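A short write-up of the structure that comes next.
The values are calculated or read from the model by the stated rules, or taken from the named source; none is laboratory data. This structure is a prediction, so every number in the text was calculated from the model and none was measured. Reconstructed Cβ throughout: ideal geometry from the backbone, glycine too, with neighbour counts over all protein chains shown.
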Amino acid sequence: MLRQFVKYHGTGNDFILFSGNYKGLSVSKIKNLCDRKLGIGADGLMCVENIENSNLDFIIHFFNSDGRLGTLCGNGSRCAVKYAHSKGFFIGDSCNFKASDGIHQGLLMQDDLVSINFLNCTKAVKSSSGHLINTGSPHYVEITENLSNIGITDVGPVVSKKVDPLNGCNVNFIEAMENDEFQIMTYERGVEMETLSCGTGAVAGALVLNQSKGIQSPIRLRAKGGVLTVEFSVSELGFENIILTGSVVKVFNGECII
């Protein structure tokens, strides 16, 4: 069966998007579609399902490139907001959608920018040379003085499995730059490699920067794929009013056999 898809990227984090549910998409099929040599190529795949007669506009079913259901994907959710608008799943600039961790809001802005809000987040926990924090997906965040000294392809999988031997953990390294900006690089579980950016990782990094270094909101983080901005307020238990903003770009339309 032929099925239409659209490919988007959010600051270099790229995704295959289908309209509807994920019926007919097996683990092996998703893995093959995400393969960069034998398939379409992507960090992940999403099925965006329109919801009628509900306070929700759509549901996101997110899969990592290993073919398995994933936890919250920040950049993927931002791409899904723009895709859902193009499909007429909501009218206007704002929407409500359900992801793996609960209900979120999305907002279309000027210059291809898309924002989503995150659920409230508890404080990070100190671990080894970094911090552990869950922003819808689990992250290890370490602040360093020189990213160029870190071989994330080698270090990432080791730290990932050390933190969580069974499921793995996303791994982030951050370096302070000029002009109140921070550089970030991320090894993503499920993709099992460095990605050009990571939305939940950017949020994790910003919250750790505030908690450990006192850096105030908003915080700009520059990944290899572009800049992400994180806004938040500090609560007694951790963080709330968390908003992630960055660019979203449509790459191309296509169709594939499912």
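Identify all residues within the range 160-208 that are polar (S, T, N, Q) and within 16 Å of Gly226 (Cα to Cα); write none if there are none.
Within the range 160-208, Asn172, Asn179, Gln183, Thr186, Thr195, Ser197, Thr200 meet the criteria.
Which of the residues belonging to the range 2-38 are touching a residue at least 60 places away in the same chain (Cβ under 8 Å), surrounded by fewer than 18 Cβ atoms within 10 Å (Cβ to Cβ) and part of a loop (DSSP other than H, G, I, E, B)?
Gly24
Could you count how many residues in the range 147-181 are farther than 17 Å from Gly70 by Cβ, of a type in the set (A, V, I, L, M, F, W, C) and either more than 20 Å from the chain's Cα centre (by Cα) or surrounded by fewer than 20 Cβ atoms within 10 Å (Cβ to Cβ) (or both)?
7
Which residue pairs have Cβ atoms closer than 8 Å, lie 6 or more positions apart in sequence or on different chains, and pair a first residue in the range 80-109 that is under 15 Å from Gly246 (Cβ atoms) with a second residue that is assigned to a strand (DSSP E or B) and of a type in the set (Asp, Glu)?
none
Mind checking which residues of the range 47-57 are modelled with pLDDT of 95 or more and surrounded by fewer than 24 Cβ atoms within 10 Å (Cβ to Cβ)?
Cys47, Glu49, Asn50, Leu56, Asp57
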